[in-house]
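Visitor: Structure below; questions to follow.
The values are calculated or read from the model by the stated rules, or taken from the named source; none is laboratory data. Keep in mind the model is a prediction, meaning the values are calculated, not measured. Here Cβ is always computed from backbone atoms with ideal geometry, including for glycine, and neighbour counts include all displayed protein chains. Accessible surface is based on the protein model in full, side chains and every heavy atom, while ligands, DNA and RNA are left aside. Shrake-Rupley method; radii C 1.70, N 1.55, O 1.52, S 1.80 Å.
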Amino acid sequence: SSHVGSRPCAPTVGLVHTALARAGTPRRSNLMGLRGTSSNSAGSHHGRRSGMEAPSAESAARTTSERLAELEMRMARTEHMVSEMMLAQPRPGLVTPKASGHGDAEDERAVSMDITNTPSRGEEGTRVKVVEDHGDVVTGANDKANGDEDGMEIEEMPQEYHFTESVWDAAIFIGYPQLCISESILLSLLFALTVFSQVFFLGITFFNFTEQQFSHELIEKLQKWRINIGHNIKYYDSNTFTSLTQRVCNPDDYVAEMSSGTSSLVEQISAYLGEENAIFIGPSLVKVALLVWGLTVTAELTRTWDVFRAVRTLPRCRSTLYLRLTSEDLSSVQIAGMGRFRFLWVHLLLLTRSCTAITLWLLGNMFLCHYSISPAEILLNAVALEIVLTIDETMYILVPSRVKGIIDRLEPLPAPPRCCKFRVADLRPCMFFVVLLSMVTVLHLSVIQGVSDMVTLANTTLCGGVQDFVYSTDAFHLVFVSSTNPYNLDPESIESYGHIQAISETIFPHTLPVWTHGNKSRPLSMTCTFHVSSLEEVMKRSSWDVPQSSSGLQAMHGATCADVVGQIPEIERFWNESVDSMPFPPKVEYVRTCAEVQPLCMYFSFARAMCPTTCGCSDPMSELYVSSPKYGCPEACHESEHRQARLPGPPPAGAPADPAEGE
């Protein structure tokens, strides 16, 4: 065979000479000397050994030819046996017969037995052989054509390591004599960059992503947010009658105009916990991600272990790396030997690779459990871990082309058969399976369950208990509490109230109806506009209370205590749009006069503000017992001369001026 390398492997020569000596065969140099010896000298030599006279020339020539033929046959058989010894593993499909003590006949049968079909590179499967009592062998691949399964034995395919497109495999050739210095330097830089990238990610993960996100400190912060902000009257929404806590904890029903971070956290908690007794929730996704991540690391460790087992079987030689061509067209190369320092370097590579993978596995588990509870981020984190672990395959594109050519043509390294197996199952995959399930179970009990409990506690702190109330405090820090919806209005009726429609029509003016009066027509809006100082007026009215709003409505058309229905079309339309959504009786048709509004004076402060005279705000003897300004009657009506004249007399000392207030 041809050789690629600096020098032949030293143990190979020793093995050849030892085998030849055991077979009773002279060295190749002596054999070549015999071929060049004349017949007379050969005959004389034979005569001296036997102590007899030298035979005739014809007899000596015939004896020498027979010996040469026999020696050449033994040399061919011995070289074949030595090549098989160098591989440290019989070829795939080679079956060694039982020892029967027949000497050369058994050796010849062992050599001639390599006639079975050899599977292609990377092919997996099993081979079936039939062993008869007298030792004859019949081979076949998965052959059951004979129909007789007695005496059939399933033999496992030889264990081999196939080199992959990885920086770890390419780093084996750093310093190989056939590579130039620049190629070895580039391989060293790629190896260092691969290790640095993985170690750098390990450092970031260890110092930033292994602590539990939902800690007791976070729970305390959420509790402070709930007390100081979530129910504060400052953040009460008068349009939807909700507190900030209601809007944050019910994102499907409301939009929170602030606390976006808290709103995002609530959404993540809802996605992680899911519905009660659900299966496809955050903890289940974390366990699946842990299992997949464990399988990825297991594949990496399995490849590392296969390299270790294969390298151990290689013979040691004086050259740094001994490559042997195994085909005439130079399409395949085999590693047939390895020097001492190269052997130590490969073991250092394997130790670094395995330690990095194990550390990534442990820290990656903490990363998946603690860093985020968002299902989307959990999936992205699992993918990121796999990218970091397989970064050596990504960097392989930068490996020198000559190294790529060697790796592409390298034949698999044969490895000894695994000892950890039984007839029923291979223990290595079973062991990995048990370890992975055990690790996921331990993480579930010790980490995932704790994270789920803390997430549940955070959800209770944010959105548990009563949500629909607001509070305020006075100068003495006394707390005053009120329901956010004291009239128990239905959310759908609130959405159909007139102010929602008015704002929507302002956003899209083309939806406004047209109001026609005589020969004039214009869009009929439900909003109030100001021609001068409009921004200041709008800002001022945002802080008005009920008495101020009632007096402002009267002032819009220059009145103080007068009926305004029918005088302002915009207000009339707003009233009719709003009153239809109110759940209180009695129901009325479209109103155009205050007489039609009178049945509603006892129910709505807005009715008393639009029709104070009809509702009786200025008449103390009317049936309206809520005639004070805080219930919607304009302040001017409460102080009008008509009201004072209707009073029976001055009130007694200490009595309220308005009977309604006394009540």
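Visitor: Count, please, the residues in the range 557-568 that happen to be loosely packed, with under 15 Cβ neighbours inside 10 Å and either on the phi < 0 side of the Ramachandran plot or in contact with a Cys (Cβ under 6 Å, 6 or more places away or on another chain) (or both).
Guide: Final tally of qualifying residues: 3.
Visitor: Which of (1) at pLDDT 90 or above; (2) over 31 Å from the mean Cα position of the chain (by Cα) is the odd one out, the single condition Ser197 does not satisfy?
Guide: It fails just one condition, (2).
Visitor: Can you pull out every residue in the range 595-630 that is touching a Leu at 6+ places or on another chain (Cβ under 9 Å), assigned to a helix (DSSP H, G or I) and not small (Gly, Ala, Ser)?
Guide: Residues satisfying the conditions are Phe606, Arg608, Met610, Cys615.
Visitor: Tell me, please, whether a residue that is open to solvent by less than 70 Å² (accessible area, probe 1.4 Å), under 43 Å from the mean Cα position of the chain (by Cα) and among the hydrophobic types (A, V, I, L, M, F, W, C) can be found in the range 472-489. Lay out the reasoning, then the answer.
Guide: Initially, the range 472-489 is screened for residues open to solvent by less than 70 Å² (accessible area, probe 1.4 Å), giving 472, 474, 482-485, 489.
When the remaining residues are screened for being under 43 Å from the mean Cα position of the chain (by Cα), the result is 484.
Of the ones still in play, those that are also among the hydrophobic types (A, V, I, L, M, F, W, C) are none.
Checking the range 472-489: not a single residue is open to solvent by less than 70 Å² (accessible area, probe 1.4 Å), under 43 Å from the mean Cα position of the chain (by Cα) and among the hydrophobic types (A, V, I, L, M, F, W, C).
Visitor: Residue by residue through the range 541-556, note down the ones that are open to solvent by 40 Å² or more (accessible area, probe 1.4 Å), hydrophobic (A, V, I, L, M, F, W, C) and closer than 25 Å to Ala595 by Cβ.
Guide: Answer for the range 541-556, where residues must be open to solvent by 40 Å² or more (accessible area, probe 1.4 Å), hydrophobic (A, V, I, L, M, F, W, C) and closer than 25 Å to Ala595 by Cβ: Val546, Ala555, Met556.
Visitor: Say whether the condition of being among the small types (Gly, Ala, Ser), open to solvent by less than 80 Å² (accessible area, probe 1.4 Å), in contact with a Leu (Cβ under 7 Å, 6 or more places away or on another chain) and part of a helix (DSSP H, G or I) is met by at least one residue in the range 441-452.
Guide: no
Visitor: From (1) modelled with pLDDT of 90 or more; (2) closer than 30 Å to Tyr272 by Cα; (3) surrounded by fewer than 20 Cβ atoms within 10 Å (Cβ to Cβ); (4) not acidic (Asp, Glu), pick out the condition that doesn't hold for Ala376.
Guide: Unmet condition: (1).
Visitor: Tell me which residues, restricted to the range 274-296, are open to solvent by less than 60 Å² (accessible area, probe 1.4 Å), among the aliphatic types (A, V, I, L, M) and at pLDDT 90 or above.
Guide: Leu285, Val286, Ala289, Leu290
Visitor: I've got another one for you. Could you check the range 320-343 and list, in sequence order, the residues that are surrounded by fewer than 13 Cβ atoms within 10 Å (Cβ to Cβ) and touching a Lys or Arg at 6+ places or on another chain (Cβ under 7 Å)?
Guide: Applying the first criterion (surrounded by fewer than 13 Cβ atoms within 10 Å (Cβ to Cβ)) to the range 320-343 yields 328-331, 340-341.
Listed by number, the residues that qualify are Ser331, Arg340.
Visitor: It is to be established whether one or more residues within the range 386-396 are under 28 Å from Leu273 (Cα atoms), open to solvent by 40 Å² or more (accessible area, probe 1.4 Å) and in contact with a Ser or Thr (Cβ under 7 Å, 6 or more places away or on another chain). Steps first, answer last, please.
Guide: Just the residues of the range 386-396 that are under 28 Å from Leu273 (Cα atoms), to begin with: 386.
Still in the list and also open to solvent by 40 Å² or more (accessible area, probe 1.4 Å): 386.
Filter once more, so that each one left must be in contact with a Ser or Thr (Cβ under 7 Å, 6 or more places away or on another chain): 386.
Yes: the range 386-396 contains one or more residues that are under 28 Å from Leu273 (Cα atoms), open to solvent by 40 Å² or more (accessible area, probe 1.4 Å) and in contact with a Ser or Thr (Cβ under 7 Å, 6 or more places away or on another chain).
Visitor: For the range 214-260, enumerate the residues that are in contact with a Ser or Thr (Cβ under 7 Å, 6 or more places away or on another chain), touching a residue at least 60 places away in the same chain (Cβ under 8 Å), open to solvent by 50 Å² or more (accessible area, probe 1.4 Å) and not in a helix (DSSP H, G or I).
Guide: Scanning the range 214-260 gives Tyr236, Phe241.
Visitor: May I pose another question? So Val130 ticks every box in (1) open to solvent by less than 50 Å² (accessible area, probe 1.4 Å); (2) modelled with pLDDT of 50 or more; (3) of a type in the set (A, V, I, L, M, F, W, C) but one. Which box is left unticked?
Guide: (2)
Visitor: Which numbered condition in (1) of a type in the set (A, V, I, L, M, F, W, C); (2) part of a loop (DSSP other than H, G, I, E, B); (3) at pLDDT 85 or above is the only one that Phe476 fails?
Guide: It is condition (3) that Phe476 fails.
Visitor: Among the residues of the range 641-662, write down those that are under 17 Å from Cys601 (Cβ atoms) and either in a loop (DSSP other than H, G, I, E, B) or at pLDDT 80 or above (or both).
Guide: Residue satisfying the conditions is Asp658 alone.
Visitor: Find the residue count for the range 176-203, including only residues that are among the aliphatic types (A, V, I, L, M) and open to solvent by 60 Å² or more (accessible area, probe 1.4 Å). Step through it out loud before you land on a result.
Guide: Filtering the range 176-203 down to residues among the aliphatic types (A, V, I, L, M) leaves 179, 181, 185-187, 189-190, 192-193, 195, 199, 202.
Checking the rest, the ones that are also open to solvent by 60 Å² or more (accessible area, probe 1.4 Å) come to 181, 185-186, 189, 193, 199.
Summing the residues that are among the aliphatic types (A, V, I, L, M) and open to solvent by 60 Å² or more (accessible area, probe 1.4 Å) in the range 176-203 gives 6.
Visitor: Something else: Looking at (1) open to solvent by 30 Å² or more (accessible area, probe 1.4 Å); (2) hydrophobic (A, V, I, L, M, F, W, C); (3) closer than 20 Å to Thr473 by Cβ, which is the one condition that is false for Phe207?
Guide: Exception for Phe207: condition (3).
One line per residue, one yes/no per condition, for (1) in contact with a helix residue (DSSP H, G or I) (Cβ under 8 Å, 6 or more places away or on another chain); (2) more than 24 Å from His370 (Cα to Cα); (3) not in a strand (DSSP E or B):
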residue	(1), (2), (3)
Phe432	yes, yes, yes
Met439	yes, no, yes
Met454	yes, no, yes
Leu457	yes, no, yes
Phe480	no, yes, no
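Visitor: Go through (1) closer than 25 Å to Val435 by Cβ; (2) open to solvent by less than 20 Å² (accessible area, probe 1.4 Å) one by one and return the number of the condition Asp306 breaks.
Guide: Answer for Asp306: the failing condition is (2).
Visitor: Here is a follow-up. Taking the conditions exactly as written (surrounded by 12 or more Cβ atoms within 10 Å (Cβ to Cβ), part of a helix (DSSP H, G or I), touching a residue at least 60 places away in the same chain (Cβ under 8 Å) and out of contact with any Lys or Arg (no Cβ under 7 Å at 6 or more places or on another chain)), does Leu462 satisfy them or not?
Guide: Details: surrounded by 12 or more Cβ atoms within 10 Å (Cβ to Cβ): yes; part of a helix (DSSP H, G or I): yes; touching a residue at least 60 places away in the same chain (Cβ under 8 Å): yes; out of contact with any Lys or Arg (no Cβ under 7 Å at 6 or more places or on another chain): no.
No; evaluated as a whole, the condition is false for this residue.
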